[in-house]
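Shown next, in structure tokens, is the structure this report addresses.
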Amino acid sequence: VRRSFLCGEDRYSGRSYEHRRQWIVERLILLSEIFSIDIAAYAIMSNHYHAVLRVDKERAEQWSMDDVISRWYRLYHGNLLVDSYLQGDDLSSAHLSAVVDVVNVWRRRLYDISWFMKCLNEYLARKANEEDCCKGRFWESRYKCQALLDEKAVLQCMAYVDLNPVRAAMAET
């Protein structure tokens, strides 16, 4: 929206945003630890990035309630009822059922690409806005997503992502 650089060198202002690459890498690593989503490939360009992601719903379905809560709490503040559950309070069956419902919503979110991207893009936008002393939208539009349905498509997409910096003359190999 602001036509600002995500990373790289802004030729007009002379300002370098190269340090933001590390923000993206660190956030991707954190999110891959929390979510049941694997990162197969990524490339960070000057004003956007590419990521090839793999959702592992089965892994998330095997997590215990406590695993899900622990993962969710690494990103978000707690829930009073869930906090009571964690403290070992004696909960009624209705309250325990509500905790299970909340945790199941969190579990679904922890293998949802939309939530993964929200946690990545919102974080980056907030950090960039703070650094640039401004408010408002950082990204021009919502992320774009394409399902890769077979191994050939995954390999082609990974090659495209890996070679993107070469095509943009950001890297020689």
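Listed by position, the helices (runs of 4 or more DSSP H) enclosed by segment 68-142 that each have at least 1 residues that are within 18 Å of ARG27 (Cα to Cα) are 93-109, 113-131. Residues that are open to solvent by 50 Å² or more (accessible area, probe 1.4 Å), under 15 Å from the mean Cα position of the chain (by Cα) and touching a residue at least 24 places away in the same chain (Cβ under 8 Å): does segment 75-94 have at least one? Looking for residues that are open to solvent by 50 Å² or more (accessible area, probe 1.4 Å), under 15 Å from the mean Cα position of the chain (by Cα) and touching a residue at least 24 places away in the same chain (Cβ under 8 Å), one finds none in segment 75-94, hence no. Quick check on my filter: what residues within segment 98-155 are open to solvent by 60 Å² or more (accessible area, probe 1.4 Å), among the small types (Gly, Ala, Ser) and either touching a Lys or Arg at 6+ places or on another chain (Cβ under 6 Å) or farther than 20 Å from SER32 by Cβ (or both)? SER141 - this is the single residue of segment 98-155 that is open to solvent by 60 Å² or more (accessible area, probe 1.4 Å), among the small types (Gly, Ala, Ser) and either touching a Lys or Arg at 6+ places or on another chain (Cβ under 6 Å) or farther than 20 Å from SER32 by Cβ (or both).
Looking at this structure, is TRP63 touching a residue at least 40 places away in the same chain (Cβ under 8 Å), open to solvent by 30 Å² or more (accessible area, probe 1.4 Å) and of a type outside the set (A, V, I, L, M)?
When the stated conditions are applied, TRP63 does not pass them.
Which of the residues that make up segment 160-170 are of a type in the set (A, V, I, L, M), more than 15 Å from LEU53 (Cβ to Cβ) and surrounded by 12 or more Cβ atoms within 10 Å (Cβ to Cβ)? Within segment 160-170, LEU163, VAL166, ALA168, MET170 qualify. When we screen ILE39, ILE24, ILE69, ILE44 for residues that are surrounded by 13 or more Cβ atoms within 10 Å (Cβ to Cβ), over 27 Å from TYR160 (Cα atoms) and among the aliphatic types (A, V, I, L, M), the only hit is ILE69.
Taking first residues from segment 34-60 that are in contact (Cβ under 8 Å) with a residue 24 or more places away in the chain and under 22 Å from TYR73 (Cα atoms) and partners that are open to solvent by less than 50 Å² (accessible area, probe 1.4 Å) and assigned to a helix (DSSP H, G or I), the Cβ contacts under 6 Å between residues at least 6 apart in sequence or on separate chains come to PHE35/PHE116; SER36/ALA60; ILE37/PHE116; ALA60/ARG107.
The values are calculated or read from the model by the stated rules, or taken from the named source; none is laboratory data. This structure is a prediction, so every number in the text was calculated from the model and none was measured. All Cβ positions, even for glycine, are placed from backbone atoms using ideal geometry, and neighbour counts span all protein chains on display. Note: accessible area is taken over every heavy atom of the protein model, side chains too, but ligands, DNA and RNA are not part of it. Shrake-Rupley method; radii C 1.70, N 1.55, O 1.52, S 1.80 Å.
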